[in-house]
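In what follows, a single structure is set out as structure tokens and then discussed.
The values are calculated or read from the model by the stated rules, or taken from the named source; none is laboratory data. Everything quoted here is computed from the prediction, not taken from an experiment. Here the Cβ positions follow ideal geometry from the backbone for every residue, glycine too, while neighbour counts run over all protein chains shown.
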Amino acid sequence: MVPRQKCPYCDGTEEEHNPSCGTLLPPITGTVEITEELDELGDQPKESQP
Amino acid sequence: MTVTYATATVKTPRMQVMADVIASRTIAAATGTATAGQLVIGTAGLSGGTGVLATITLPATAFTVSGAVATLQGVPLSATASASGTAALAEFRNNAGTTVISGLTVGTSGSDINLNSTSITSGQTVSITAGTITHG
């Protein structure tokens, strides 16, 4: 019988650990934050007047 | 960071809204059934199916808009990485896989998408915990 391995990233065993730790790799987490710039909206900077 | 919107599906309608508002016309709600789009995270070579590391399915209504801010719904959103590599670019795509917003940068800070690590391994869980798009 293969002994259970301890998951290095959560407190459970391979069979019991947190489902979010679906593999023995730490999850990648992140956020999306986009702030549009003027040009992205199709606007063009005003040309300087002579 | 500068992202790029698809011309026919985003830029043109936006310009039409602007034109209609100037003309004192009323902007109507969008029609049609909402279907789930995707946030595709990939390598620097992301293009279509090339360079895809993780495809995160979005809720059918991915964003709610308040004021000048669109807020990503359903977070945290997760996917299992389909390939290994270094994340560098991302795209929002519709359910047909057509790119709607491209050129999103991916990094660990100061990018459009900031991850705790850009080194992604196939099988690893990739989660987005929050998201906003703010009108400049």
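I'm trying to understand the selection: among the residues of segment B:120-136, which are of a type in the set (S, T, N, Q), modelled with pLDDT under 95 and loosely packed, with under 14 Cβ neighbours inside 10 Å? Before the answer, list the steps.
The initial filter retains those residues of segment B:120-136 that are of a type in the set (S, T, N, Q), namely B:121-122, B:124-125, B:127, B:129, B:132, B:134.
Subset that is modelled with pLDDT under 95: B:121-122, B:124-125, B:134.
Scanning segment B:120-136 gives a single hit, B:T134.
Output the residue which, of all residues in segment B:91-111 that are at the interface with chain A (Cβ under 9 Å from one of its Cβ atoms) and under 22 Å from A:P26 (Cα atoms), is nearest to the chain's Cα centre (by Cα).
Taking the candidates together, the pick is B:V106.
When you go through B:V17, B:V3, B:V10, B:V69 one by one, which is the residue that is within 12 Å of chain A (Cβ to nearest Cβ), touching a residue at least 60 places away in the same chain (Cβ under 8 Å) and more than 23 Å from A:G30 (Cβ to Cβ)? Steps first, answer last, please.
Details: B:V17 fails: touching a residue at least 60 places away in the same chain (Cβ under 8 Å); B:V3 fails: more than 23 Å from A:G30 (Cβ to Cβ); B:V69 fails: more than 23 Å from A:G30 (Cβ to Cβ).
Answer to the selection: B:V10.
Failed condition for B:G45, given (1) more than 12 Å from every other protein chain (Cβ to nearest Cβ); (2) assigned to a loop (DSSP other than H, G, I, E, B); (3) under 19 Å from B:T99 (Cβ atoms), with all others met?
Evaluating B:G45 over (1) more than 12 Å from every other protein chain (Cβ to nearest Cβ); (2) assigned to a loop (DSSP other than H, G, I, E, B); (3) under 19 Å from B:T99 (Cβ atoms) leaves (2) as the failure.
Can you tell me how many residues within segment B:45-67 are loosely packed, with under 13 Cβ neighbours inside 10 Å and within 18 Å of B:T4 (Cα to Cα)?
Taking segment B:45-67 as the starting set, the residues that turn out to be loosely packed, with under 13 Cβ neighbours inside 10 Å are B:45, B:48-50, B:61, B:64-67.
Add one more test, that the residue is within 18 Å of B:T4 (Cα to Cα), and what stays is B:45, B:48.
Matching residues across segment B:45-67 total 2.
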